[in-house]
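Asks: Submitted below is the structure of interest, expressed as structure tokens.
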Amino acid sequence: MTETNSEKHRLQELVEELHQRHASRNDGEVATYIPELGKANPEDFGICVATSGGRIFETGNSDRTFTIQSISKPFTYGMALEVYGQNKVSQHVGVEPSGDAFNSIELENGTNRPFNPMVNAGAITISALLYEHYGDEALEIMLARFSATAGRTLVVDEAVYSSESRTGHRNRAIAHLLLNFGMVHEKVEPALDLYFKQCSILVNCRDLAIMGATLSNLGKNPVTDEEVYDIDSVKSMLSIMLTCGMYDYSGQWAYRVGVPAKSGVAGGVVAVVNRQMGMATYSPRLDKRGNSCRGIDVCVDLADELGLHAFDCMNIGSSYLKAILD
Ligand code: DON
């Protein structure tokens with residue numbers, strides 16, 4: 001899959017350059033609040049770009065597996081939208097950035113909904129909706145959907161799952177608060193279990209880049225050609241990733257990188273350039289907000305070097321609109 005032509009493609013050169021440029025950055029901390037995550041090698045560093053046409057450019061530890069964590073959230077949100085429709089989902093979860101940390105214990109004033117599906121409260125509510133619909137088959141169905149999005153069979157890391165399940169008291173508190181306000185049904189424990197398992201799905205950088213490329217390609221995996229998400233869900237998923245995907249860094253991210261993205265506490269970041277590419281990084285040292293330090297740097301540079309920001313003068317915008325205006 002990787003480009004191996006004797007003359008290196010400019011994108012392959014670029015990912016290698018960026019890897020070299022940022023490999024020496026060693027601030028930030030590996031997450032330890034889920035004890036098993038603390039075993040990650042802080043030096044691991046991978047970058048992968050997958051285009052909407054299915055070409056792959058990768059470097060470093062792009063094969064190293066790690067748990068998807070919060071990067072699962074936009075994908076389960078898309079699944080819930082397809083099962084329940086936007087109206088029903090929006091009765092349970094809002095679409096406003098909270099401006100607060102991913103694990104904050106707060107609900108929207110007046111509605112008692114979680115602010116959005118990217119913070120833990122919103123993602124747990126989405127998992128509860130999926131559990132309500134699919135029951136005990138929910139995990140299997142989720143794994144099948146995530147695998148189709150990545151183009152490879154994905155599995156749960158049992159050690160990370162049980163580590164989070166044993167120590168996830170804050171998420172349990174959030175789930176019971178949601179139950180108190182009628183935002184989730186009474187089967188809180190199996191819903192939480194589903195949430196912990198979805199966060200523990202193992203991916204590598206290449207999987208994430210292809211998952212991003214699937215969103216960039218209107219929901220169709222560009223490597224396998226499988227239709228995975230419908231186009232309306234993709235639009236909603238990307239909108240939420242743009243406004244809320246990097247938590248209380250989302251404003252700065254939109255300003256500096258300008259494309260939808262999602263981070264996870266195991267150290268992954270995925271970003272999506274509509275109709276063009278998915279890009280992913282893996283480096284487990286995190287900043288105070290739970291975002292990968294090197295991951296942010298690489299995405300900022302990629303956006304600058306390739307003019308990816310939605311409002312960059314290099315970005316010509318919607319080719320569909322251009323065709324009907326011309
Ligand atoms: O719920 C948790 O705390 C984790 N399973 C996921 C958090 C996460 O990845 C936040 N992202 N930066």
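The values are calculated or read from the model by the stated rules, or taken from the named source; none is laboratory data. What you see is a predicted model; the values in this text were computed from it and never measured. Ideal geometry is used to build each Cβ from the backbone, glycine not excepted, and the neighbour counts take in all protein chains shown. Note: areas computed on protein heavy atoms with side chains; ligands, DNA, RNA excluded. Shrake-Rupley method; radii C 1.70, N 1.55, O 1.52, S 1.80 Å.
Asks: Report ³J(HN,Hα) in whole Hz for each residue of the range 53-62, in order, from the Karplus equation J = 6.51 cos²θ - 1.76 cosθ + 1.60 where θ = phi - 60°; Gly and Pro get x.
Replies: My calculation for the range 53-62 gives x, x, 8, 10, 10, 8, 7, x, 8, 6 Hz in order.
Asks: So for the range 204-326, taking the charge dipole from beta-carbon charges (+1 Lys/Arg, -1 Asp/Glu), which of 290, 205, 239 sits furthest toward the positive end?
Replies: Comparing the listed Cα positions along the dipole, 290 ranks first.
Asks: Continuing with the same structure: Give me the percent of accessible area attributable to carbon and sulfur for the chain, probe 1.4 angstrom. Before the final figure, lay out each step's value.
Replies: Working: 6780 of 13760 Å².
The C+S portion of the solvent-accessible surface of the chain is 49 percent.
Asks: What lysines sit close enough to residue 197 to cross-link, taking a C-alpha to C-alpha distance under 29 Å and skipping anything fewer than 8 places away on the same chain?
Replies: 39, 73, 88, 187, 220, 235, 262, 288
Asks: Please identify the GluC sites (Glu not before Pro) of the range 1-76 that satisfy two criteria: DSSP loop assignment and at most 10 other Cβ atoms within 10 Å. Which are they? List each step's numbers first, then the result.
Replies: On the way: sites: 3, 7, 13, 16, 17, 29, 36, 43, 58; in loops: 3, 7, 43.
Filter output for the range 1-76: 7.
Asks: Mind listing the phi-derived Karplus ³J(HN,Hα) values for the range 128-138, rounded to whole Hz, using 6.51, -1.76 and 1.60 with θ = phi - 60°, and x for any glycine or proline?
Replies: Each residue of the range 128-138 in turn: 5, 4, 5, 5, 4, 7, 9, x, 5, 8, 4 Hz.
Asks: Hey, what do the phi angles of the range 192-203 turn into as Karplus ³J(HN,Hα) couplings, whole Hz, using 6.51/-1.76/1.60 and θ = phi - 60°, x for Gly and Pro?
Replies: Here the 3J(HN,Hα) series is 5, 4, 4, 4, 5, 5, 4, 5, 9, 5, 7, 9 Hz.
Asks: Starting from the 7 Å offset along Cα-to-Cβ, what nm value, one decimal, do you get for the label separation of residue 144 and residue 305?
Replies: Here the answer is 4.0 nm between the modelled labels.
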